[in-house]
Amino acid sequence: MYKLMPTTPLACRPHDHANCVAGALAEADALCARQGVRLTELRRRVLELVWQSHKPLGAYDILAVLSEADGRRAAPPTVYRALDFLLENGLVHRIASLNAFVGCNNPEHAHEGQFLICRACHTAIELEQPAISQAIVAGAEGVGFVVETQTVEVVGLCAACAPKQREA
Ligand SMILES: [Zn+2]
Ligand SMILES: [Zn+2]
Ligand SMILES: [Zn+2]
């Protein structure tokens, strides 16, 4: 057996994930209402699917659920447009290395995405460390590079998987 650290993120602990989903959807409703943008039924459903776990989900996985479970004939461009909307409004982040999307924990304010991605269970843990983005901007400035967007993706083992790998 192993002991989890007190700082182990929720995503790596057994928890009532329905709360995460309900919270994310409620936050999305409030945020879209405030910004005067429409969270259509499809956009909301796509967000709910992205939030089905803390593991990034690909567009084709989303499409598969939409057509199998919901029985909708959603065309890929429709799903991509819904994902674009969610990205633009900061409700999801794109994980380029996995070509997948993950729900944002804190869509209320603009931030650069920093992710710790577990190579064993694929959970993505969002970090918010302004010092990291500042260091990237400073480093880029040093070579005359203007940073427009930055998403930092770090691969390793999460707090739940690292001890198992040590035991194995
Ligand atoms: Zn959860
Ligand atoms: Zn975020
Ligand atoms: Zn893991």
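The values are calculated or read from the model by the stated rules, or taken from the named source; none is laboratory data. From a predicted model like this one, the values you see are computed outputs, not experimental measurements. Note: ideal-geometry Cβ built from the backbone for every residue, glycine included; neighbour counts use all protein chains shown. Side chains included, ligands, DNA and RNA excluded: accessible areas come from the protein's heavy atoms. Shrake-Rupley method; radii C 1.70, N 1.55, O 1.52, S 1.80 Å.
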For the chain, the accessible surface attributable to carbon and sulfur atoms (probe 1.4 angstrom, ligands and nucleic acids excluded) amounts in percent to 54 percent
Scattering profile of region 80-168 from the Debye formula, Cα beads only, expressed as log10 I(q)/I(0) at q = 0.12, 0.16, 0.19 Å⁻¹, is -0.45, -0.74, -0.95
In units of 2.2 N^0.38 Å, the Cα radius of gyration of the chain is 1.12
Percent relative contact order for the chain, counting Cα pairs under 8 Å at least six residues apart, stands at 23 percent
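Shape call for region 103-145 from the C-alpha gyration tensor, a ≥ b ≥ c root eigenvalues: rounded (a/c under 1.5), prolate (a/b greater than b/c) or oblate?
The shape class here is oblate.
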Dividing the mean separation of Cα pairs under 8 Å (6+ apart) by the residue count of region 111-168 yields a relative contact order in percent of 46 percent
Probe 1.4 Å, heavy atoms of protein chains only: per residue, the accessible area of the chain in Å² is 59 Å²
Share (percent) of C-alpha pair distances in region 14-106 greater than 18 Å works out to 40 percent
Of all DSSP beta bridges with both partners in the chain, the antiparallel percent, nearest 5, is 60 percent
Stretched fully, the stretch from residue 99 through residue 145 gains (0.36 nm per residue minus C-alpha distance, one decimal, in nm) 14.0 nm
Within region 74-168, DSSP-loop GluC sites (Glu not before Pro) with at most 12 other C-beta atoms within 10 Å are 108, 148
